[in-house]
1. Taking residue 180 and the conditions (1) under 22 Å from residue 45 (Cβ atoms); (2) modelled with pLDDT under 95, which numbered condition does it fall short on, given that it satisfies the others?
2. Counting residues that are surrounded by 15 or more Cβ atoms within 10 Å (Cβ to Cβ), touching a strand residue (DSSP E or B) at 6+ places or on another chain (Cβ under 8 Å) and in contact (Cβ under 8 Å) with a residue 24 or more places away in the chain, which strands (runs of 3 or more DSSP E) fully inside the range 15-99 reach at least 2?
3. For the range 101-142, what are the residues that are over 16 Å from the mean Cα position of the chain (by Cα) and either assigned to a strand (DSSP E or B) or within 18 Å of residue 172 (Cβ to Cβ) (or both)?
4. Within the range 143-165, work out how many residues are at pLDDT 90 or above and more than 18 Å from the chain's Cα centre (by Cα).
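The values are calculated or read from the model by the stated rules, or taken from the named source; none is laboratory data. Everything quoted here is computed from the prediction, not taken from an experiment. Using ideal geometry, Cβ is built from the backbone for each residue, glycine included, and neighbour counts are taken over all protein chains shown.
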């Protein structure tokens, strides 16, 4: 990411992410600098269910009002020096109570980072998949997440039929779903 030393770059906000005004072409653009992320789709084969998460999301709350609740996959940010496998394992444990082995993590796009919206935001994402057994899941249904991060996630169990036809409001979940049905479900 930037060090703020580029000629003409102006930092206009610094917080969870940074907002910069930068010279671009004949004018100026605003860029949101954010850490990269990983999104993980988990399939519980012996239950024939996909495990998603329900979680309030500020962007959805801002646009739609209500409670901002979104159903999406497990996700985390590369802000603690973890490699992609470690991040997938740790986020699955924190957000859903799932114990994943390193050999169960599979990466889409050869594990290469993909931009979410390079015209505005620096964040890139790695998409990942893990197939687990029911005995790898904490049996207690409860709210998960890291309290200090104000994270509150709940499990959303989805059958294959439900998953195939559900409307996704997150492009990463949509992409993971399409990949899953093309590559993992025989059919």
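1. Only one criterion in (1) under 22 Å from residue 45 (Cβ atoms); (2) modelled with pLDDT under 95 is unmet by residue 180, namely (2).
2. 27-33, 37-44, 49-56, 69-72, 74-77
3. Answer for the range 101-142, where residues must be over 16 Å from the mean Cα position of the chain (by Cα) and either assigned to a strand (DSSP E or B) or within 18 Å of residue 172 (Cβ to Cβ) (or both): 110, 118, 119, 120, 131, 132, 137.
4. So the count comes out to 6.
Listed here are the residues, each with its yes/no results for (1) assigned by TED's automatic domain parsing to the domain that holds residue 117; (2) out of contact with any helix residue (DSSP H, G or I) (no Cβ under 6 Å at 6 or more places or on another chain).
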site	(1), (2)
6	no, yes
12	no, yes
40	yes, no
57	yes, yes
